[in-house]
Amino acid sequence: MRRIVLALTALMSVAVFSGAGQQAPQRLRPAYSDEQRVLLERVSAYLNSIRTMQSGFIQIGPDGGVDQGVLYIEKPGRIRFQYNPPSPVLIVATGGSVYVHNARLNTVDRYSLSDTPLGLLLNEKIDLARNRSVIGVQERDGAIIVNARTSTNRNTSNITLVFSSGNMELRQWTVRDNQGGDTTVALQNPQFGPALDGALFTAPVRISRFNKR
């Protein structure tokens, strides 16, 4: 169960880059150089260009455990994290809610999309240079690296996103938890603009015990 929680945290946290922290005026935004601002504008334009996306992913947890699956995005407001067996977890965001389905336990937990950073990933407009959760950006070894925090109450980064610089593509992100453990999610063969079946974003439901075989 701990790995399931880590997985959910890692995959959802990338969403802070669409606007989390913008409601905290007491925090000043970093003073970016012209070069840094250009980098953030490039990344923002890239994220804003994504309307639909499908990608495989590999997730490596703090304990070295590996999970794989497929990620689907359809803006606005819809996302699906489908883990490969033997993981029993399915995460779907649709209709303003996030559903976490555990097929092994036959449970479905529901959260408000507005209460999670995941909802912000699915917004129409992303502006990283004005996002108070973003606290640093650099270009190194052919990659653009964006550092951010999950809360504007934090003083240090606990999320790192890596984009390829040449063709501007999100490659991976790493989330550091409160115990200092890192969970890394790497995308595999992402496809942009595919036509996605709306059924992918159907909210999961518990299976009635009367219908079980």
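Residues of the stretch 174-184 that are part of a strand (DSSP E or B) and of a type outside the set (S, T, Y): V175, R176, D182. If you check V66, V98 for being in contact (Cβ under 8 Å) with a residue 12 or more places away in the chain, in contact with a strand residue (DSSP E or B) (Cβ under 9 Å, 6 or more places away or on another chain) and farther than 22 Å from I145 by Cα, only one passes: V98. Only residues that are part of a strand (DSSP E or B) and without any contact (Cβ under 8 Å) to a residue 40 or more places away in the chain were counted across the stretch 127-173, and they come to 9. Checked against the criterion of being at pLDDT 85 or above and either in a loop (DSSP other than H, G, I, E, B) or within 20 Å of L200 (Cα to Cα) (or both), the candidates Q54, Q59 yield just one match: Q54. Please find, within the stretch 98-122, the residue that is farthest from the chain's Cα centre (by Cα) out of those that are at pLDDT below 70, within 11 Å of I79 (Cβ to Cβ) and not in a loop (DSSP other than H, G, I, E, B). Per the stated criteria, the residue is G119.
The values are calculated or read from the model by the stated rules, or taken from the named source; none is laboratory data. Computed from a predicted structure; not experimentally measured. We place every Cβ from the backbone using ideal geometry, glycine too, and count neighbours over all the protein chains shown.
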